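The structure under discussion appears below in the form of structure tokens.
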Amino acid sequence: MVQIQTPPRNGGTGVNIGGTTYNVPADKQTVERVGIFVCGMFVFWILSRVTDTSGVVEFSLPMGSMGSTNTAMAKTGGELRPYCAGTTDYFEETALENAIAQARLFHTQGGSLKSVQNLLDKHIDTTVKKLGATFIPNGMTEKQGTQDVTQFLKSYFAQNYDPRGGYGSPLPGEYEPKNHPLIHAGRYVEVADPVDSIERWDASLGPTFPCPNLLRLGKKGADGTKWYCQPMEHAQNSNSNNKNNNNDCHIISIGGNDNWKFEMEVVTTMPGCTTHTFDCTLQNGTPQWKPERDDIKFYNYCIDSVDRKDGHGRHYITYFDMVQKAQLRAPPKMLKIDVEGFEFDVFSSMMQQANSNEEMAITATTTKSDGTRGRVHHHPPSYWLPQQIMVELHWATRMTGVSWMPRTRTAAEIALLSNVMYTGGGYMPIFLFWIKRCPSCMEVLYFRTLC
């Protein structure tokens, strides 16, 4: 960084280079030479960032550049990240600031910890019943035992004050059967998350900030129906940048099993948008029923946290590789993904890569009408994160390739994923749809509010 300071302390011209100020005598000829030198250095810096090779002009943004952001900063809760570009076209700013304050409380200031604690506290007695255990107070018989342990202990200690708060004291009774493997040291219950209600999701996803202009993609209640947040109507009517067109409206869709209902719903309800569908599970890597349309494109790849091929020759690539395959020129409007439990690793990897300090850039190439290559834009990975993510989350799965398949994901793990989405990518849930026939499934629409 070069700065000229006139006049400096001793009369002449002060030139600040790299944080050090050099005092130059104030004669006119010397000042002119310094000015020419500084201007030359500035031009050299600009040219060093633009390279012309084979008719392709490349422009690089420095790592950490917020190429997709507004200059407006979030004004609440100590949040220092700016709003992502266009965010205030989708949400009223006052409501947005309040939502961000709630999100920060949950995701960064202990709110999620307290929420999960409350869930587990609530289910201590439920777990005791599931374990078939009974707490027998001192001096009572097994028939006089109780499974409402928390209420008994609360009442007992209210009547029997312990000046040391219980430290070093045994419980006023014991569990039967003794030495239960999920009741440690005869007193600590390994509480199980609820499995037949929405409580696990409520405790872990964090506050939901509703979209004022929600678009349903599919029939109400139908399997495969998804949702998309549109700009508020007044913003949509006044800001041409929000109108869908082939230059900036792209959707990445993961999976589908040769079912194209979602893609055709996009054609009908979001004209001008192009859907890029990735699926490596089809026979011979070729769809049989794909509509013959330029705004629906197919790629024989699946998503994963790393680039790899499995034992059957299926090719898995990362989200950022998909952006390159699709040759996008701007971040996708939405990532639609239902990968039956793999989403935990996929999202964690996306946020890690997006915040990587490595010299990594995503390249999107445009093609001119005559077939020659046009401009190639380089951006840091964070630039290419999707504006919205429509995902079906799972705390249970049957997929044999998921390492945690024999167990369930706990509320604590889901809360940790929610924290990663907010802190790593600026995502907040704006719509939830719980699938009652599948308690372990939750449709979540995330919006990237902070960049």
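Assorted remarks:
- Sorting 253-264, 303-314 by their mean Cβ neighbour count within 10 Å, with the most densely packed peptide first, gives 253-264, 303-314.
- Within the shell of other residues whose beta carbon sits under 13 angstrom from the beta carbon of Cys84, the net charge comes to +1, with Lys and Arg scored +1 and Asp and Glu -1.
- Whole-Hz couplings from phi, Karplus 6.51/-1.76/1.60, listed for the range 396-404; x for Gly and Pro: 8, 8, 9, 6, 5, x, 8, 4, 9
- An ellipsoid equivalent to the range 99-229, defined through the eigenvalues of its Cα gyration tensor, has semi-axes of 41, 20, 11 Å when rounded to whole angstrom and sorted largest first.
- Förster radius 25 Å - calculated FRET efficiency between Asp294 and Asn213 (Cβ-Cβ, nearest 0.05): 0.35
- Sequence-distant residues sharing a close amide H with Thr134 (under 5 Å, placed H): Glu176
- Note on the range 124-189: Cα-Cα pairs beyond 15 Å make up 52% of the total pair count.
- Calculated FRET efficiency for the pair Met405/Lys154, C-beta based, R₀ 30 Å, to 0.05: 0.20
- Contour minus Cα-Cα distance for Ile124 and Arg308 (0.36 nm per residue): 61.9 nm
- In this structure, Asn179 and Glu92 have a Cβ-Cβ separation that, at R0 = 45 Å, corresponds to a calculated FRET efficiency of about 0.20.
- Residues with amide H under 5 Å from that of Leu217, placed H, sequence gap 5 or more: Lys226, Trp227, Tyr228
- Taking other residues whose beta carbon is less than 11 angstrom from the beta carbon of Phe431, and scoring Lys, Arg as +1 and Asp, Glu as -1, yields +1.
- Each eigenvalue of the Cα gyration tensor of the range 274-333, multiplied by 5 and square-rooted, gives one semi-axis; in descending order these are 20, 17, 6 Å.
Here, each number is a calculation from the coordinates, and none is a lab measurement. Bear in mind the structure is a predicted one, so any value in this text is a computation, not a measurement. Note that each Cβ is placed from the backbone with ideal geometry, even for glycine, and that neighbours are counted across all protein chains shown.
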